Amino acid sequence: MHPFRAAVEAGDMAAVEAMLAEDVVFTSPVVFAPYRGRPITAAILRGVARVFEDFRYVREFSSADGRDHAFEFTAGIGDRRLQGCDFVHIGDDGLIDELTVMVRPLSGANALAEAMGAQFDRIREEAAAQA
């Protein structure tokens, strides 16, 4: 099991943050432009941890060189269930330099967008405190 998956499953967001490169690029399933930097990415991931219910990874895939990983997951938000995948790239320094999340179905993505929108003031504050 990859350390990112283990940390997420354990709810150890400090360990997740420690795996992020300072200039990590986070691509959200519900926002067009990517977010750049460890503080905002870590704050978004903490926000997701607050809104997802019954989160669990169901499969993990890794490239032969160990630099690319895909973690398929299921979660709930209110009465909506969703499936998703975290795509992680490991940079030359061994830290996560790219994290892309995709989710389906559209109703789940919409529920995620709404729930995260309600979190975003807190996310901005957390990111600013870390910068």
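Modelling each spin label as a point 7 Å along the Cα-to-Cβ direction, I'd like the Phe61/Ala129 distance in nm, to one decimal.
Modelled inter-label distance: 3.8 nm.
Give me D for segment 53-129 in µm² s⁻¹, whole number, from Stokes-Einstein with Rh from the Kirkwood sum over alpha-carbon pairs, 25 °C and 0.890 mPa s.
Diffusion coefficient, whole number: 175 µm²/s.
In what sequence, highest mean first, do 64-71, 94-101 appear when ranked by Cβ atoms within 10 angstrom? Can you show the working numbers first?
Working: 64-71: 13.4, 94-101: 17.9.
Most protected by this proxy first, the peptides run 94-101, 64-71.
Over the chain, with a Gaussian network built from C-alpha contacts below 10 Å, which listed residue (Ser63, Ser107, Ser28) shows the highest mean-square fluctuation?
Its mean-square fluctuation being the largest, the pick is Ser63.
With a 1.4 Å probe and every protein chain left in place, work out the accessible area per residue of segment 8-82 in Å², rounded to a whole number.
On the way: 3880 Å² over 75 residues.
Heavy-atom accessible area per residue stands at 52 Å².
Give me the mean projected area, in nm² to one decimal, of the convex hull enclosing the Cα positions of the chain. Intermediate results must be reported in sequence, preceding the final value.
Details: hull surface 29.8 nm².
Here the figure is 7.4 nm², rounded to one decimal.
Can you compute the charge dipole magnitude of the chain about its Cα centre, using +1 on each Lys and Arg Cβ and -1 on each Asp and Glu Cβ, nothing else charged? Give it in debye, rounded to the nearest 20. Walk me through the numbers before you get to the answer.
Details: 13 positive and 21 negative charges, 90 e Å.
I would put it at about 440 debye.
Measure off, as a whole percent, the carbon and sulfur share of the 1.4 Å-probe accessible area of the chain, all protein chains present.
Values: 3680 of 7000 Å².
Roughly 53 percent, rounded to a whole number.
The values are calculated or read from the model by the stated rules, or taken from the named source; none is laboratory data. Remember, it's a predicted structure, so these values are computed and weren't measured experimentally. Note that each Cβ is placed from the backbone with ideal geometry, even for glycine, and that neighbours are counted across all protein chains shown. In case anyone asks, the SASA skips ligands and DNA or RNA and just uses the protein heavy atoms, side chains included. Shrake-Rupley method; radii C 1.70, N 1.55, O 1.52, S 1.80 Å.
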